[in-house]
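Following: one structure in structure tokens, then a few remarks.
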Amino acid sequence: MKDLMQSVELGVSQRSQVEIKRPKVWLRSELSRVGLAEFLSTYVMMALGLGSVAQVVTGQGVFGQYLSINLGFGLAVAMGVHVGGNVSGAHMNGAVSLTMCVFGRLQWKRLPLYIFVQLLGSFLGAATIYAIYYEAIYDYCGGNLTVTGERATAGIFATYPAPYLSLIGGFFDQVFGTAMLLLCLMALSDQKNKPAARGAEPIAVGLLVVLIGISLGSNSGYAINPTRDIAPRIFTAIAGWGWDVFRSGNGWWWVPLVATPIGGVLGAGLYKVFVEMHHPPSSGQEMEPDEEESFPLKNKRNICSDVCVKPETNGNN
């Protein structure tokens, strides 16, 4: 009887200790947790990604070249996925979030939250890199903040088209690049096909971003992400580059904003029509679409990326 009483007292003591160690601040609201995770993952991606561009531009080739930007943004996306992947899905990309809503993997009522925190994370990421590289930027451009020209620096923060690229050509460039992003993200998350290995999803998405950068980046810096492009562009307009950030490239600013969501829905739709819809039932049971999906595309499981965002030459991701 004495031993029994001691065991009971020990159990009560242990539970008491667990309660004492419980975090003092714990958000019970799922929306709050999701919003904070999506914001932080986007901020991390943008700060590290834009930092890689700033280093290459202001270093004038001493601290890396175009490939450095591709690798920098790819790894930044991977880190962003690690930060918020299992909480918000770490979309970090408005085109990804919209596509998830279209295909029923994210509630439409959550889209405004995702877009808002992605914009906020991108804006603050740009502001942080501007502060960190403030002296380097002014040393590089002589205090003359320009969008075009030999010492242009606006491209550190947002994307701009190559001189030869028309708006129509750039529009299709962004549609295709984002379509490839979402098509491949669908494949990486499809558990009935050949998905990314469990635990390796972040690096898989990061490598996808690198691949898009080294294959589709020269025309316009492959933004493939509306929230990643427009927020830093607004920041540069405020910080000293002025309205030229919207006038440059024949008014290029709206192309990443409009073309990327179209490309995202198109790419995901193509994968669904050509592959996902034709998977045979498993274990003799009828397939339930989306039930087996995990990582990039299902908010409750993991992430998506990027995606979001990418590196480039004429601006960057």
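From the list Gly217, Gly249, the lone residue that is crowded, with 16+ Cβ neighbours inside 10 Å, in contact (Cβ under 8 Å) with a residue 24 or more places away in the chain and at positive phi is Gly249.
Looking at Val81, is it surrounded by 19 or more Cβ atoms within 10 Å (Cβ to Cβ), out of contact with any Ser or Thr (no Cβ under 9 Å at 6 or more places or on another chain), modelled with pLDDT of 95 or more and over 22 Å from Val147 (Cα atoms)? The answer is no for Val81. Screening the candidates Ile137, Ile69, Ile132 for the property of being surrounded by 19 or more Cβ atoms within 10 Å (Cβ to Cβ) and over 16 Å from the mean Cα position of the chain (by Cα) yields one hit, Ile137. If the condition is being touching a helix residue (DSSP H, G or I) at 6+ places or on another chain (Cβ under 8 Å) and assigned to a loop (DSSP other than H, G, I, E, B), then the stretch 199-220 contributes Gly217, Asn219, Ser220. Comparison of Ala259, Ala223, Ala196 shows that the only residue that is assigned to a loop (DSSP other than H, G, I, E, B) and either closer than 20 Å to Leu111 by Cβ or of a type in the set (Lys, Arg) (or both) is Ala223.
Can you find even one residue in the stretch 161-170 that is modelled with pLDDT of 95 or more, surrounded by 17 or more Cβ atoms within 10 Å (Cβ to Cβ) and either touching a His at 6+ places or on another chain (Cβ under 7 Å) or β-branched (Val, Ile, Thr) (or both)? Checking the stretch 161-170: not a single residue is modelled with pLDDT of 95 or more, surrounded by 17 or more Cβ atoms within 10 Å (Cβ to Cβ) and either touching a His at 6+ places or on another chain (Cβ under 7 Å) or β-branched (Val, Ile, Thr) (or both). The residue list Leu188, Leu181 contains one member that is surrounded by 21 or more Cβ atoms within 10 Å (Cβ to Cβ) and over 15 Å from the mean Cα position of the chain (by Cα), which is Leu188. Residue check: Ser97 meets all listed conditions (1) among the hydroxyl-bearing types (Ser, Thr, Tyr); (2) within 16 Å of the chain's Cα centre (by Cα); (3) modelled with pLDDT under 95 but one, namely (3).
Suppose the filter is at pLDDT 90 or above, surrounded by fewer than 22 Cβ atoms within 10 Å (Cβ to Cβ) and either touching a helix residue (DSSP H, G or I) at 6+ places or on another chain (Cβ under 8 Å) or part of a helix (DSSP H, G or I) (or both); does Leu48 pass it? So Leu48 fits the description; yes.
Does the stretch 265-284 contain at least one residue that is at pLDDT 65 or above, more than 26 Å from Thr227 (Cα to Cα), in a loop (DSSP other than H, G, I, E, B) and touching a helix residue (DSSP H, G or I) at 6+ places or on another chain (Cβ under 9 Å)? Within the stretch 265-284 (the criterion being at pLDDT 65 or above, more than 26 Å from Thr227 (Cα to Cα), in a loop (DSSP other than H, G, I, E, B) and touching a helix residue (DSSP H, G or I) at 6+ places or on another chain (Cβ under 9 Å)), the answer is yes, since at least one residue qualifies. If you go through the stretch 85-115 and keep only what is within 16 Å of Ser32 (Cα to Cα) and free of Cβ contacts under 8 Å to residues at least 12 places away in the same chain, you end up with Gln107, Lys109, Pro112.
The values are calculated or read from the model by the stated rules, or taken from the named source; none is laboratory data. All values reported here derive from a predicted model rather than from experimental measurement. Virtual Cβ from ideal backbone geometry, glycine too; neighbours counted across all protein chains shown.
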